[in-house]
Amino acid sequence: MTRIDAKFAKLKAEGRKGFVAYVMGGDPDYETSLEIVKGLPAAGVDVIELGMPFTDPMADGPTIQLAGQRALAQGQTLEKTLQMVRELRKDDNETPVVMMGYYNPIYSRGVDKFLVDAKEAGVDGLIVVDLPPEEDGELCIPAQKMGLNFIRLATPTTDDKRLPKVLTNTSGFVYYVSITGITGAANAVAGDVGPEVAQIKAKTDLPVIVGFGIKTPEAAQTIASVADGAVVGSAIVERIAKGESVADILAFVKSLADGAHRA
Amino acid sequence: MANDLFNSFMRGPDENGRFGDFGGRFVSETLMPLILDLEAEYEKAKTDASFWAEMDDLWANYVGRPSPLYHAERLTEHLGGAKIYMKRDELNHTGAHKINNVLGQIILARRMGKTRIIAETGAGQHGVATATVCAKFGLKCIVYMGAHDVERQAPNVFRMRLLGATVIPVTSGRGTLKDAMNDALRDWVTNVRDTFYCIGTVAGPHPYPAMVRDFQSIIGKEAKEQMMKAEGRLPDTIIAAIGGGSNAMGLFFPFLDDESVRIIGVEAGGKGVNEKMEHCASLTGGRPGVLHGNRTYLLQDDDGQILEGFSISAGLDYPGIGPEHAWLHDVGRAEYVSITDKEALEAFQLCCELEGIIPALEPSHALAHVMKIAPTLPKDHLICMNMCGRGDKDIFTVAKHLGFDMKI
């Protein structure tokens, strides 16, 4: 049982929805980013999604693209992103951390070495955008063997026929992508998302969390009400891009978390 | 050679889209159902005589195929060694080999009921070819092109606009081909229902590398027949330039099981293949990684971040290479070398002066390697190089490098 499983079991027992916050590791710089990450649990974040910057983030909109570029320009590496998790774990052994990004930096480090390092650092799960079920042998199965969750994205193009394939080998939770598109683009619509989430939930006992296109506390509440929780990324990253203080950023995160928790 | 190893070098990819360890389908879940649909549609078309009848008709009457196999007499004489032939794909409608593939993909798109076509382009040749075929069939066309390339390939940008395409300058990254491909993928993920992504090279997720290769293989098939007719035998060496590698794969593929034929791919060496990475030679200066849907050799740093390549030629300016080339490299069936900007420019000028052909900067790289090896080979050694594009689009770049003022 990972921290993710424990967290969702607890939320379920309490009858509450989950709130997942995404930030890019090393954005705008290592120290500030670490300060933000360390502040997320107290702001009400149930699961931290920590972005691993990549030069070619094909599924991301301009907000996350620029966050990755800022982080890389400040010298962020996969090792430093792992180091952030180690630092967080010094004071927090409960909040689950999911590392999210693209495959090449992991492949470049070596899958086995990365998994050992990630487990040792205190990472609980992975979301790797460019690894569909067809490539499960690459990282998904080795990660599960190592005791890390591999969280899969389901999308509006995932039809009934394909859904079982997507759910096989998924663990931790299912991340439902609310729109066809890139991060930070169109707004998620609860009326569209609800039936899709219900369809997924009919096929799995895993929690279903919805992300992409959720920008406000109200949207977090509406979307969380038709799922097991909501993810916000770009809207938080935009505030980091504007150079807001860590306190202001965390206050915004808290408003989002409160929104999701009201659902 | 082939019999010893696998029976054939022409069987790839496997059902997972792999050429050995290379290739694959490294895309987001949103795109996965789309590429599976495309694969199914392509598999159907491949064995459908009516599909190929339509292709043959368009190749003959719209593109102007077969392209000639031309004996470059003065160049042969000048170099004093091997007998040099050029496969004249620069004479195709739109001035390059790119249209061979675009026709195939657009016919598929029409069969799939897609009405909006997107493409990425580097030098602009693939963008022009896509805009052309879209105009012919009345399809909406959007071309993503790096902002840097928009600037250095202005004539092609205007051509695309004349043909009714929307050209979107891409400013992410360094604004070259790789970034254009990222933005095209972002468009596709957003507009999944009506959009067909027409990829211009033998890269991307399966089935693109195999499909584009199959459409481009018309080059090698024709060259083989033409060489048999001209010389009564196969060429001894075939040579082509490589960015992503589509013209090269098109020439090479039909020859892969002809053991006697030496196969050479020429990468863009930019300012020289050195630690400063001012080149685009993925095989000579890169290592395996995953980008744009496939595993292949990539220019990357120690942390797996993709590096921007560098080349005088916008069409070769890509940090990766088609996965089948990566495999052919590793199994040793083809050799890969690199040519610098300077060497390519010299070949460009020599070709103009001796043959009355203004080559594109891309095949100028292949020609530069011909210039290196031809003098060392006997006169009865037959070389076939792929003259995959004409140089009209490059005259501004070349003028700048030669210090010629184009303002009249």
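The values are calculated or read from the model by the stated rules, or taken from the named source; none is laboratory data. In this text, all values refer to a predicted model and were calculated from it rather than measured experimentally. Virtual Cβ from ideal backbone geometry, glycine too; neighbours counted across all protein chains shown. Keep in mind that these areas ignore ligands, DNA and RNA; they rest on the heavy atoms of the full protein, side chains included. Shrake-Rupley method; radii C 1.70, N 1.55, O 1.52, S 1.80 Å.
Within the span defined as segment B:187-199, one or more residues are within 14 Å of chain A (Cβ to nearest Cβ), open to solvent by less than 10 Å² (accessible area, probe 1.4 Å) and more than 23 Å from A:Ile179 (Cα to Cα).
The strands (runs of 3 or more DSSP E) located wholly in segment B:10-129 that include 3 or more residues which are under 21 Å from the mean Cα position of the chain (by Cα) and under 30 Å from B:Leu234 (Cβ atoms) occupy B:83-87.
Please determine, by comparing only the residues of segment A:51-79 that are part of a helix (DSSP H, G or I) and at the interface with another protein chain (Cβ under 7 Å from one of its Cβ atoms), which one is nearest to B:Glu120 (Cα to Cα). Restricting to residues being part of a helix (DSSP H, G or I) and at the interface with another protein chain (Cβ under 7 Å from one of its Cβ atoms), the top hit is A:Gln65. Regarding A:Asp130, is this residue touching a residue at least 12 places away in the same chain (Cβ under 8 Å), of a type in the set (Asp, Glu) and either within 11 Å of another protein chain (Cβ to nearest Cβ) or in a strand (DSSP E or B) (or both)? In short, yes. Taken as a whole, segment B:165-181 holds at least one residue that is open to solvent by less than 10 Å² (accessible area, probe 1.4 Å), within 10 Å of another protein chain (Cβ to nearest Cβ) and closer than 15 Å to B:Ser28 by Cβ.
Take B:Gln226 and tell me if it is farther than 30 Å from A:Pro53 by Cβ and surrounded by 22 or more Cβ atoms within 10 Å (Cβ to Cβ). No; evaluated as a whole, the condition is false for this residue.
Confirm whether A:Asp124 is surrounded by 19 or more Cβ atoms within 10 Å (Cβ to Cβ), touching a residue at least 60 places away in the same chain (Cβ under 8 Å), closer than 16 Å to B:Glu29 by Cα and charged (D, E, K, R). Taking the combined requirement at face value, the residue does not satisfy it. Pairing residues of segment B:40-53 that are within 13 Å of B:Ala210 (Cβ to Cβ) with residues that are surrounded by 12 or more Cβ atoms within 10 Å (Cβ to Cβ) and not basic (Lys, Arg), at Cβ distances under 7 Å and at least 6 apart in sequence or on separate chains, gives B:Tyr42/B:Leu108; B:Tyr42/B:Pro207; B:Tyr42/B:Met211; B:Ala45/B:Phe51; B:Ala45/B:Leu108. Here the condition is being out of contact with any Asp or Glu (no Cβ under 8 Å at 6 or more places or on another chain) and either within 27 Å of A:Lys165 (Cα to Cα) or among the acidic types (Asp, Glu) (or both); of B:Tyr62, B:Tyr85, B:Tyr42, B:Tyr70, it holds for B:Tyr42 alone.
For the residues A:Val226, A:Val189, A:Val246, A:Val177, the requirement of being over 18 Å from the mean Cα position of the chain (by Cα) and at pLDDT below 95 singles out A:Val189. Each residue in segment A:94-121 was checked for being in contact (Cβ under 8 Å) with a residue 60 or more places away in the chain and of a type in the set (S, T, N, Q), and 1 of them qualify. Looking across segment A:104-121, the residues that are within 7 Å of chain B (Cβ to nearest Cβ) and crowded, with 23+ Cβ neighbours inside 10 Å come down to A:Asn104, A:Pro105.
Looking at A:Lys12, A:Lys38, A:Lys80, A:Lys17, just one residue is in contact with a strand residue (DSSP E or B) (Cβ under 8 Å, 6 or more places away or on another chain), open to solvent by 10 Å² or more (accessible area, probe 1.4 Å) and at pLDDT 95 or above, and that residue is A:Lys17.
One residue stands out among those in segment B:282-321 that are out of contact with any helix residue (DSSP H, G or I) (no Cβ under 9 Å at 6 or more places or on another chain) and under 30 Å from B:Leu31 (Cβ atoms): the one that is nearest to the other protein chains (Cβ to nearest Cβ), which is B:Leu307.
Count of segment B:161-181 residues, restricted to those that are part of a helix (DSSP H, G or I) and without any contact (Cβ under 8 Å) to a residue 24 or more places away in the chain, is 2.
Among the residues of segment A:36-50, is any in a helix (DSSP H, G or I), within 13 Å of another protein chain (Cβ to nearest Cβ), touching a residue at least 24 places away in the same chain (Cβ under 8 Å) and out of contact with any helix residue (DSSP H, G or I) (no Cβ under 8 Å at 6 or more places or on another chain)? The answer is no; no qualifying residue exists. When restricted to residues that are part of a loop (DSSP other than H, G, I, E, B), without any contact (Cβ under 8 Å) to a residue 40 or more places away in the chain, more than 10 Å from every other protein chain (Cβ to nearest Cβ) and farther than 16 Å from B:Met32 by Cβ, segment A:140-192 contains 4. With respect to B:Asp57, is the statement that it is open to solvent by 60 Å² or more (accessible area, probe 1.4 Å) and within 14 Å of chain A (Cβ to nearest Cβ) true? So B:Asp57 does not fit the description; no. Is it the case that B:Glu278 is within 12 Å of chain A (Cβ to nearest Cβ), surrounded by fewer than 23 Cβ atoms within 10 Å (Cβ to Cβ) and of a type in the set (Asp, Glu)? No, not satisfied. Of all residue pairs spaced 6 or more apart or on separate chains, those with beta-carbon atoms under 6 Å, a first member in segment B:133-145 that is under 19 Å from B:His97 (Cα atoms) and a second member that is of a type in the set (S, T, N, Q) and crowded, with 21+ Cβ neighbours inside 10 Å are B:Val143/B:Thr121; B:Met145/B:Thr121.
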